[in-house]
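Below is one structure, written out as structure tokens, with a few remarks after it.
The values are calculated or read from the model by the stated rules, or taken from the named source; none is laboratory data. Because the structure is a prediction, the values reported are computed rather than measured. Please note: Cβ atoms are built from the backbone with ideal geometry, for glycine as well, and neighbour counts cover all protein chains shown.
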Amino acid sequence: MGKVYLTGAGPGDPKLITVRGMETIQLADVLIYDRLVSEHLLKLAPANTEKIFVGKEPGCHHKKQEEIQALLVEKAMQGKLVTRLKGGDPFIFGRGGEEAVYLQQVGIPFEVVPGISSFSAVPAYAGIPITHRHKAASFTVIPGHHCEENALQIDWEASCQSDTLVILMGMRRFDWIHQQLMAYKPPSTPIALIQQGTTVEQRVVEGDLGTIMDRLAAQPLQNPVVIVVGEVVRLRQEMLWYK
């Protein structure tokens, strides 16, 4: 019997992986990885490691979630050490919780290796703290992609009550997200959209809810994008450190 590591690869910059996360890559007989995992991390695996891409893109899933889970079991049953490498943290919108439950049900040993999540790291690299003693005492993190069948629905009114709202995976549906935000927050509310945060491709479009659509039209962004809404965005010009 082998073992599965559910490992978080971090938000994009390969140097932000944890020490334990790096060890699980170096131990892997099989590396099963997602779309947003840095190629630099894949190179840490031994030369004979089997590498299997199971990434998901908007409108294109190379493997369904059930197929990924079956693959984890198949390789572990062969007595192999399997590292399931997922962007960010495997238990934050990464479906790592589903994989852990499935492995437990079928009796496969596993270890969870948390990773640095994009919800905090990407705003930090853009100069935006998601909390601040004078501006934000609370934050909420929600997914922005289309809810799948049987998934929980987002309570936008409740989410918008937090001082800071962070939305992951929301670029493709941003028109609809913007409508929800405008329904519960004033047009003057600051907002920033951060593309490819923590990497050399990082770009930021900043404004308020009343102006952001025009600014995005002039400076379009592509996935992955982290959206930050709240007064903390105003601190960005004082905290720019990563370019």
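On the given criteria, is residue 79 in contact with a Gly (Cβ under 7 Å, 6 or more places away or on another chain), touching a residue at least 40 places away in the same chain (Cβ under 8 Å), buried (at least 20 other Cβ atoms within 10 Å of the Cβ) and not in a helix (DSSP H, G or I)?
So residue 79 does not fit the description; no.
Could you count how many residues in segment 139-170 are among the aliphatic types (A, V, I, L, M) and at pLDDT 95 or above?
Counting residues in segment 139-170 that are among the aliphatic types (A, V, I, L, M) and at pLDDT 95 or above gives 7.
Could you tell me which residue of segment 126-136 is farthest from the chain's Cα centre (by Cα), considering only residues that are over 24 Å from residue 91 (Cβ atoms) and in a loop (DSSP other than H, G, I, E, B)?
Going through the qualifying residues, I end up with 134.
Given the conditions (1) of a type outside the set (A, V, I, L, M); (2) in contact with a Gly (Cβ under 7 Å, 6 or more places away or on another chain); (3) within 21 Å of residue 101 (Cβ to Cβ), which single one is not true for residue 24?
Going through the list (1) of a type outside the set (A, V, I, L, M); (2) in contact with a Gly (Cβ under 7 Å, 6 or more places away or on another chain); (3) within 21 Å of residue 101 (Cβ to Cβ), residue 24 breaks only (2).
Restricting to segment 91-115, give me the number of residues that are more than 15 Å from residue 71 (Cα to Cα), in contact with a Phe, Trp or Tyr (Cβ under 8 Å, 6 or more places away or on another chain) and in contact (Cβ under 8 Å) with a residue 40 or more places away in the chain.
Of the residues in segment 91-115, 5 are more than 15 Å from residue 71 (Cα to Cα), in contact with a Phe, Trp or Tyr (Cβ under 8 Å, 6 or more places away or on another chain) and in contact (Cβ under 8 Å) with a residue 40 or more places away in the chain.
Quickly run through segment 152-195 and pick out the residues that are within 22 Å of residue 9 (Cα to Cα) and touching a Lys or Arg at 6+ places or on another chain (Cβ under 7 Å).
Within segment 152-195, 195 is the sole residue that qualifies.
Quick check on segment 189-243: of everything there that is of a type in the set (Val, Ile, Thr) and without any contact (Cβ under 8 Å) to a residue 60 or more places away in the chain, which residue is nearest to residue 122 (Cα to Cα)?
Here the answer is 225.
Do you know which of the residues in segment 1-20 that are among the hydroxyl-bearing types (Ser, Thr, Tyr) and crowded, with 19+ Cβ neighbours inside 10 Å is nearest to the chain's Cα centre (by Cα)?
Applying the filter and picking the extreme gives 7.
Somewhere in segment 176-185, is a residue closer than 19 Å to residue 243 by Cα and surrounded by fewer than 21 Cβ atoms within 10 Å (Cβ to Cβ)?
Applying the first criterion (closer than 19 Å to residue 243 by Cα) to segment 176-185 yields none.
Checked against the condition, which is being closer than 19 Å to residue 243 by Cα and surrounded by fewer than 21 Cβ atoms within 10 Å (Cβ to Cβ), segment 176-185 yields no hits at all.
For residue 45, which of the numbered conditions (1) of a type in the set (Gly, Ala, Ser); (2) part of a loop (DSSP other than H, G, I, E, B); (3) over 22 Å from residue 142 (Cβ atoms); (4) out of contact with any helix residue (DSSP H, G or I) (no Cβ under 6 Å at 6 or more places or on another chain) fails to hold?
In the conditions (1) of a type in the set (Gly, Ala, Ser); (2) part of a loop (DSSP other than H, G, I, E, B); (3) over 22 Å from residue 142 (Cβ atoms); (4) out of contact with any helix residue (DSSP H, G or I) (no Cβ under 6 Å at 6 or more places or on another chain), residue 45 misses (4) alone.
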